[in-house]
Amino acid sequence: MMFRLIRQGCYRAWQFWAALTATLSEEDERVLEEQLTPRELALFKRMSLADQRHSLDVYYTLRERGHTEPDLLKAALLHDIGKADGNLRLWHRVAIVLVRAICPAALKWLAVPDGWRYPFYVHYYHPLKGAELAEKAGCSKVTVELIRRHQRELELPPYEGIEELLKALQEVDRAK
């Protein structure tokens, strides 16, 4: 138990530092131009630099694990676009992590679309907003569905098809 808490604390400290120091390389820019249409790239660019870096890290990890499905890789790059324009500051993200660790059910209670609770609303509903934005940008139905469901727990073991892709996206998203 103690080892798990220490490991989790170290991971969160690394995640915090990564958010503070996030950058994109020329290679990242090339990948984005190859993988995304101009409308999708415009959505990607609306995300915070930390979310852009995170999305690229998810994309690269899926590629390293042998995933080549275009819908999955596009969903990796766009899965957090629902957070864009949500004014999620770093301290909000820290608060969300702490609330999730202490009382996960409180996140839904905090998710109110006005006032000081608005960033919690953005976080809680970002998969739905992101799917809506991806659909309007012309993404495939599979990409849209992966974005919509990327935070939702699978109730049964995945069957072949979209659920296998969703499981891969969720595993890497949680690890990055």
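The values are calculated or read from the model by the stated rules, or taken from the named source; none is laboratory data. Treat the numbers as computed from the prediction; the structure is a model and nothing was measured. Positions of Cβ are generated from backbone atoms using ideal geometry, with glycine treated the same way; all protein chains shown enter the neighbour counts.
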Residues of region 16-54 classified as over 20 Å from GLY86 (Cβ atoms), in a helix (DSSP H, G or I) and either touching a helix residue (DSSP H, G or I) at 6+ places or on another chain (Cβ under 9 Å) or of a type outside the set (D, E, K, R) (or both), total: 7
If we keep just the residues of region 55-91 that are farther than 23 Å from LEU169 by Cβ and in a helix (DSSP H, G or I), which is modelled with the highest pLDDT? TRP91
Identify the residue in region 100-136 that is surrounded by fewer than 17 Cβ atoms within 10 Å (Cβ to Cβ) and among the β-branched types (Val, Ile, Thr) and, among all such residues, is modelled with the highest pLDDT. VAL112
Picking from GLY86, GLY82, the residue that is touching a residue at least 60 places away in the same chain (Cβ under 8 Å) and on the phi < 0 side of the Ramachandran plot would be GLY82
Return the residue satisfying two criteria in turn: it lies in region 137-164 and is surrounded by fewer than 19 Cβ atoms within 10 Å (Cβ to Cβ) and at pLDDT 95 or above, and of such residues it is farthest from LEU72 (Cα to Cα). GLY138
Any helices (runs of 4 or more DSSP H) falling wholly within region 92-176 and containing at least 2 residues that are without any contact (Cβ under 8 Å) to a residue 60 or more places away in the chain, of a type in the set (A, V, I, L, M, F, W, C) and under 21 Å from LYS45 (Cα atoms): 118-136
